[in-house]
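> Next up is a structure, given as structure tokens.
The values are calculated or read from the model by the stated rules, or taken from the named source; none is laboratory data. Remember, predicted model here, so these are calculated numbers, not experimental data. Cβ placement follows ideal geometry from the backbone for every residue including glycine, while neighbour counts extend to all protein chains displayed. Remember, those area values only see protein heavy atoms, side chains included, never the ligands or the DNA or RNA. Shrake-Rupley method; radii C 1.70, N 1.55, O 1.52, S 1.80 Å.
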Amino acid sequence: MSAAQANLQAARERLPQSRAALLPTVTANVTPNKLVNRWDGGEQNQQTLVAGLSLSQILYNRVALLAFAQTTPWIAAYADDLDGMVQTVFFQVVQAVVNALQAQEIAQLAENNLQLMRRHLQSSEARYRVGEITRTSVSQAEARLAVAQADVTRANNDLAVARSNFFAIVGMALPEQITLPALRQATEEGELAFWIGQLEQRPDMRAAEKRLTVSTLAVQQEEAGHWPTLSLTSGVNHTWQRSTIDQMEGYNLGMKLEVPVFSGGMTVSKTVEAQAKRAAQQAEVDRLRRLAYQEIEKARLDLLTNQALATSLQSSVTAARMARDGVEREYRVGTRPILDLLDAEHELFSYLTEQAKNRYTLTLARFHMLAVVGRLTMEELVLPGASGP
């Protein structure tokens, strides 16, 4: 982002530079001169000092005018580049927060499952000691405990990676309490055509369109090399002569008209070059538009897919919890083996883990939907503790 800020600052300097070409130029000059004439029998020395001030003002120069006209879209394009970079960095921060929150919740689910497996093992050992179950059932509980311990280790490692990634992006440790801002508009609203209609608002599209405008003006600027230029010139000078006491003053005021006659084909060649560059920029605009269409369509499909998956997982979690509760009641009265209960617990844990992952994936998909249309800005967000519009 620092590079985009520096590029924008450099682009802004183009405005005073192009304006300076249209402003008058004033030049001061001092010219000492010594003239020596020799002939047979003598010589003559004459020393003069001339001080002058000259002024030149462009009255009409189409090349300079078109160069000035390019500055506004030129600067605006770099401003759009910076806007795009800001949105990219913001989405990276959102992604880092989502990944960290997801890792925290999965680690907590894994820890809860580990504690549950420990209780099941303790219960199995107690029932084994009184002869209600066999040693095989205890071994099965021990095996599931080992799997739960591995899940906790994996989840904690993923959490450490997520925290490290957050630090790398944000430059600070992950806070203990962190939440994401809410979105002002539900991204599920609107058909694909609604989102496609906003692709021209993407920062990269806006910047490309402005650079296309600059390229068009550049073609006109090169063609203007055939146009005449008109300028006003004036000057004043004072001359001192050392050999005499004479002093002279001179003034001039005039207009200068220059009409290009022959430049060896330079103007035509530069015009063709500018036209080719404009065609290349038009191709870049078309390529970005196709890429934006693809990204928007994919983001929309990902959002709908995760929405449907959220509904499906909610049903699966509800069914798995009911099944676990039923198996647990049957296990307590001795009509189900411990393995069935462990399987039911593992299935519920798996669905809860997938549901947690889907919840954060869906959250990220909503932010991504705004990002691909260039609307991931503060105006679209409701910060924690703030009220909506």
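> Using Cα pairs under 8 angstrom and six or more residues apart, how large is the relative contact order of the chain, in percent? Provide the component values of the computation, followed by the final result.
Values: 491 pairs, mean separation 95.1, N = 389.
Here the relative contact order equals 24 percent.
> Run the quick spin-label model on R287 and T136: label points 7 Å from Cα toward the beta carbon, then report their separation in nm to one decimal.
Calculated label separation equals 6.6 nm.
> Tell me the accessible surface of K270 in square angstrom (1.4 angstrom probe, heavy atoms of protein chains only), to the nearest ten.
Roll a 1.4 Å probe over it and K270 shows about 90 Å².
> Let me know the charge dipole size of segment 239-389 about its Cα centre in debye, to the nearest 20, where only the beta-carbon of Lys, Arg (+1) and Asp, Glu (-1) is charged.
Working: 19 positive and 19 negative charges, 51 e Å.
Result for segment 239-389 is approximately 240 debye, rounded to the nearest 20.
> Using a Förster radius of 25 Å, what is the FRET efficiency between N33 and Y251 based on their Cβ-Cβ separation? Nearest 0.05, please.
Working: r = 20 Å, r/R0 = 0.80.
Computed FRET efficiency for N33 and Y251 comes out at 0.80.
> Something else: Using only Cα atoms, tell me the angle between helix 2-12 and the longest principal axis of the chain; keep it within 0 to 90° and round to the nearest 10.
30 degrees
> Sticking with this structure for a sec: Could you work out the helix-only [θ] at 222 nm for the chain, with each DSSP H run of four or more residues adding -39,500 (n - 2.57) and the total divided by the number of residues, to the nearest 500 deg cm²/dmol? Mind showing how you got there, number by number?
Values: 9 runs with 248 residues, N = 389.
Helix-only estimate at 222 nm: -23000 deg cm²/dmol.
> Which trypsin sites (Lys or Arg not before Pro) in segment 193-261 pass both tests, a DSSP loop state and at most 12 other beta-carbon atoms within 10 Å?
Working: sites: R206, K210, R211, R242, K256; in loops: R242.
Of the trypsin sites (Lys or Arg not before Pro), the ones in loops of segment 193-261 whose Cβ has at most 12 other Cβ atoms within 10 Å are R242.
> Okay, next question. Using the beta-carbon distance between R329 and A3 and R0 = 51 Å, what value does 1/(1 + (r/R0)^6) give for FRET efficiency, to the nearest 0.05?
Details: r = 64 Å, r/R0 = 1.25.
After rounding, the FRET efficiency stands at 0.20.
> Here's something else I'd like to know. What accessible surface, in Å², does a 1.4 Å probe find on S350, ignoring ligands, DNA and RNA and rounding to the nearest 10?
Approximately 40 Å² for this residue.
> At a probe radius of 1.4 Å, what is the per-residue accessible area of I296, in Å² to the nearest 10?
Surface open to solvent at I296 totals about 0 Å².
> Charges only on Cβ, +1 for Lys and Arg, -1 for Asp and Glu: so what's the dipole of the chain about the Cα centre, in debye to the nearest 20?
Working: 38 positive and 41 negative charges, 45 e Å.
With only Lys, Arg, Asp and Glu charged at Cβ, the dipole is about 220 debye.
> Now for a separate question. How many nm separate the modelled label positions at E189 and D40, each set 7 Å beyond the Cα in the direction of the Cβ?
10.9 nm
> Further question on the same structure: In degrees between 0 and 90, to the nearest 10, how far off the longest principal axis of the chain does helix 338-371 point, with axes built from Cα atoms?
20 degrees
> Need one number: nm distance between label points at Q307 and A168, each 7 Å from Cα along Cα→Cβ, rounded to one decimal.
Modelled inter-label distance: 3.4 nm.
> First measure r as the distance between the Cβ atoms of V89 and A143, then evaluate 1/(1 + (r/R0)^6) with R0 = 41 Å and state the FRET efficiency to the nearest 0.05.
Approximately 0.35, to the nearest 0.05.
> Relative to the first principal axis of the alpha-carbon coordinates of the chain, what is the inclination of helix 203-223, with its axis defined by its Cα atoms, in degrees from 0 to 90 and to the nearest 10?
That works out to roughly 20 degrees.
> As an exercise, identify the chymotrypsin sites (Phe, Trp or Tyr not before Pro) in segment 16-119 lying in DSSP coil whose Cβ has no more than 14 other Cβ atoms within 10 Å.
Numbers: sites: W39, Y60, F68, W74, Y78, F90, F91; in loops: none.
Hits after loop and neighbour filter: nothing returned.
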